[in-house]
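Chemist: Before anything else, here's the structure in question.
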Amino acid sequence: MGSFDNENVAKINQNTEQKARDLFLEGVEHEQNGDLFEAILKYRKAVKLVPDIEYKVEEQRCRNDNTIRSKEKEVGK
């Protein structure tokens with residue numbers, strides 16, 4: 001029963017983080033398009049869900065960049 005509860009909590013946390021990530025990235029799009037008010041609204045919603053979402057998004061972007069570079073090096077061999 002304990003592991004079932006832990007699995008549900010993990011899924012809820014993952015879903016919450018994904019929602020926050022989506023909101024944050026929508027905010028980025030709005031900011032790039034000059035719609036700063038809408039960007040701020042999205043950022044605020046994202047941060048309410050996951051306070052450090054900006055760092056998590058950047059961390060994943062860096063991991064993705066490193067994975068791409070590793071694959072490019074393998075292809076270049």
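The values are calculated or read from the model by the stated rules, or taken from the named source; none is laboratory data. Since we're looking at a predicted model, the values are computed, not measured. Note that we place each Cβ from the backbone using ideal geometry, even for glycine, and neighbour counts take in every protein chain shown. The accessibility values were calculated without ligands, DNA or RNA, using every heavy atom of the protein model including side chains. Shrake-Rupley method; radii C 1.70, N 1.55, O 1.52, S 1.80 Å.
Chemist: Note down, for the range 1-72, the three equivalent ellipsoid semi-axes (square root of 5 times each alpha carbon gyration tensor eigenvalue), biggest first, whole angstrom.
Modeler: 26, 21, 8
Chemist: Report the full-extension gain for the segment Asn15 to Asn64: residue separation times 0.36 nm, less the Cα-Cα distance, to one decimal in nm.
Modeler: Additional length available on full extension: 15.6 nm.
Chemist: Suppose a student asked you for the relative contact order of the chain, using Cα pairs under 8 Å spaced at least 6 residues apart; what percent would you report?
Modeler: 27 percent
Chemist: Now for a different question. Where does the chain land at 222 nm, in deg cm²/dmol rounded to the nearest 500, when only DSSP H runs of n ≥ 4 count, each adding -39500 (n - 2.57), divided by all residues?
Modeler: Using -39500 (n - 2.57) per qualifying helix, the result is -31500 deg cm²/dmol.
Chemist: Apply the Karplus parameterisation 6.51 cos²θ - 1.76 cosθ + 1.60, with θ equal to phi minus 60°, to every residue of the range 6-23 and state each ³J(HN,Hα) to the nearest whole Hz, in sequence, with x for glycine and proline.
Modeler: In residue order, the calculated couplings are 5, 5, 5, 5, 4, 5, 4, 4, 5, 5, 5, 5, 5, 4, 5, 4, 4, 4 Hz.
Chemist: How big is the dipole moment of the range 24-76 about its Cα centre under a simple scheme where the beta carbon of each Lys and Arg is +1, that of each Asp and Glu is -1, and everything else is neutral? Debye, nearest 20, please.
Modeler: The calculation lands at about 220 debye.
Chemist: Would you mind counting up the charge near Phe24? Only other residues with Cβ under 12 Å from its Cβ, with Lys and Arg at +1 and Asp and Glu at -1.
Modeler: Every neighbour counted, the sum reads 0.
Chemist: In the chain, what percent of the accessible surface is made up of carbon and sulfur (1.4 Å probe, ligands and nucleic acids excluded)?
Modeler: Here it works out to 52 percent.
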